[in-house]
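> Below: one structure in structure tokens.
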Amino acid sequence: MKDTARRPAGWLTGGLVTAVAVLALVSAATGAYQIPLDDVLASAQHRMGLGGRELDRVGESVLWHVRLPRVVLALLIGASLGCAGALMQGVFGNPLAEPGVIGISAGAAVGAVGAIAFGLEFLGNWTVTAFAFVAGLATVLLVYALSRAGGRTEVVTLILTGIAVNAFAGALIGLFIFFADNAQVTQITFWQLGSLSQATWPKVLAVLPCAAAGLLVAPLYARRLDLLALGERPARHLGVDVERLRLALVLVVALLTAAAVAVAGIITFVGLLVPHLLRMAAGPGHRFLVPGSALGGALVLLAGDLAARTAAQPAELPLGVLTALIGSPFFFWLLRRTRRRYGGWA
């Protein structure tokens, strides 16, 4: 029985890894300047000292300074958002949960928009990223502190506090936009729409430590998330410190989401769509769901970014808009499906 149960997860993992590898190669080769797949592999082999050959000057520059940073950034941000979504749904025990629910994305947006609107540049090119990251972490800590009472945190209170903080963050962003000049409004709007067009190796390095830390730590909580799915009381009887688990996972989610939002802007629905589809395909076990959602998120964001920069060439569609266009109908379908399953909300 165990082997039978593990088989879908094993096949899905292998399929996701293969799909991510193939799509990464295709994405590196595809664009306004086409590079044959053979040339991409040959250049990579040459850089690693495994033979191959160097491309012409333009091809090398496009591949290594434009395409590959973007591909790697899409992998890191997609994996971060997908994994964060799986953790959020596990913590809340609700398939409709995603990182934006507790205000992380909105808080990071306030930090970034504030830095742009006030023309802050004391950290150079890192100013907006740093402000977004710090504001995202501060927001989630504030939400968690406000939702605690009597040494415990109720999930409903946490969600309602997050909704209130999201509304307040939206008001602050509107205020910042009101006082910004035209150039700053353009920059803020572009950032809010979400995009990987500004991808560089320094931005990859900015995301890498946070993404790597979160992605390595998250699977360690898989067993405790499975126990929490039985309910808070059964989980406590089985030795799970529910409050400590919830706080730790909220911090991991903040780490993953704030770093992603800080570099790429607001990209929605990846953390909602990917974990739910994988749960439908392979069941609710978090030993597969957490790493699987990271792989699925990477795949979805790679595909979305490829579509965003090729569907309307030479123009580029905003990635956040594209994921919202696809994710919103899925959310409505999921909402109706969940409502039918439970016979209404009351």
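The values are calculated or read from the model by the stated rules, or taken from the named source; none is laboratory data. These numbers come from a predicted model, not from an experiment. Cβ: placed from backbone, ideal geometry, glycine included. Neighbour counts: every protein chain shown.
> Looking for whichever is surrounded by fewer than 18 Cβ atoms within 10 Å (Cβ to Cβ) and modelled with pLDDT of 85 or more here; the options are Leu227, Leu196, Leu215, Leu208. Which one fits?
Of Leu227, Leu196, Leu215, Leu208, the one residue that is surrounded by fewer than 18 Cβ atoms within 10 Å (Cβ to Cβ) and modelled with pLDDT of 85 or more is Leu208.
> Do we find a residue being in contact with a Cys (Cβ under 8 Å, 6 or more places away or on another chain), in a helix (DSSP H, G or I) and at negative phi anywhere in the stretch 197-217?
yes
> Hey, any hits in the stretch 112-122 for a residue that's under 18 Å from the mean Cα position of the chain (by Cα), farther than 13 Å from Asn166 by Cβ, part of a helix (DSSP H, G or I) and not polar (S, T, N, Q)?
Scanning the stretch 112-122, I find at least one residue that is under 18 Å from the mean Cα position of the chain (by Cα), farther than 13 Å from Asn166 by Cβ, part of a helix (DSSP H, G or I) and not polar (S, T, N, Q), so the answer is yes.
> Six or more apart or on different chains, Cβ under 6 Å: which pairs go from a residue in the stretch 86-104 that's in contact (Cβ under 8 Å) with a residue 12 or more places away in the chain and closer than 14 Å to Ala222 by Cβ to one that's outside any helix (DSSP H, G or I) and not hydrophobic (A, V, I, L, M, F, W, C)? Could you list them?
Close Cβ pairs (under 6 Å, with a partner that is outside any helix (DSSP H, G or I) and not hydrophobic (A, V, I, L, M, F, W, C)) amount to Gln89/Pro95.
> Let me ask you something else. Just checking, how many residues over the stretch 226-248 are in contact with a Lys or Arg (Cβ under 9 Å, 6 or more places away or on another chain), in a helix (DSSP H, G or I) and in contact (Cβ under 8 Å) with a residue 12 or more places away in the chain?
Within the stretch 226-248, residues that are in contact with a Lys or Arg (Cβ under 9 Å, 6 or more places away or on another chain), in a helix (DSSP H, G or I) and in contact (Cβ under 8 Å) with a residue 12 or more places away in the chain number 5.
Quick grid of which residues meet (1) among the acidic types (Asp, Glu); (2) touching a helix residue (DSSP H, G or I) at 6+ places or on another chain (Cβ under 9 Å); (3) crowded, with 19+ Cβ neighbours inside 10 Å:
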{"position": "Gly14", "(1), (2), (3)": "no, no, no"}
{"position": "Tyr33", "(1), (2), (3)": "no, yes, no"}
{"position": "Arg53", "(1), (2), (3)": "no, yes, no"}
{"position": "Glu60", "(1), (2), (3)": "yes, yes, no"}
{"position": "Ile77", "(1), (2), (3)": "no, yes, yes"}
{"position": "Cys83", "(1), (2), (3)": "no, yes, yes"}
{"position": "Gln89", "(1), (2), (3)": "no, yes, yes"}
{"position": "Leu96", "(1), (2), (3)": "no, yes, no"}
{"position": "Pro99", "(1), (2), (3)": "no, yes, yes"}
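> Follow-up question, since we're still on this one. Return the residues of the stretch 165-190 that are surrounded by 13 or more Cβ atoms within 10 Å (Cβ to Cβ), part of a helix (DSSP H, G or I) and of a type in the set (Gly, Ala, Ser); say none if nothing qualifies.
Once the filter is applied, which keeps residues that are surrounded by 13 or more Cβ atoms within 10 Å (Cβ to Cβ), part of a helix (DSSP H, G or I) and of a type in the set (Gly, Ala, Ser), the stretch 165-190 yields Ala169, Gly170.
> Right, something else. Go through the stretch 277-317 residue by residue and tally those that are outside any helix (DSSP H, G or I) and either surrounded by 20 or more Cβ atoms within 10 Å (Cβ to Cβ) or without any contact (Cβ under 8 Å) to a residue 60 or more places away in the chain (or both).
Within the stretch 277-317, residues that are outside any helix (DSSP H, G or I) and either surrounded by 20 or more Cβ atoms within 10 Å (Cβ to Cβ) or without any contact (Cβ under 8 Å) to a residue 60 or more places away in the chain (or both) number 5.
> Give the residues of the stretch 123-138 that are aliphatic (A, V, I, L, M) and assigned to a helix (DSSP H, G or I), sorted by residue number.
Val128, Ala130, Ala132, Val134, Ala135, Leu137, Ala138, listed by residue number.
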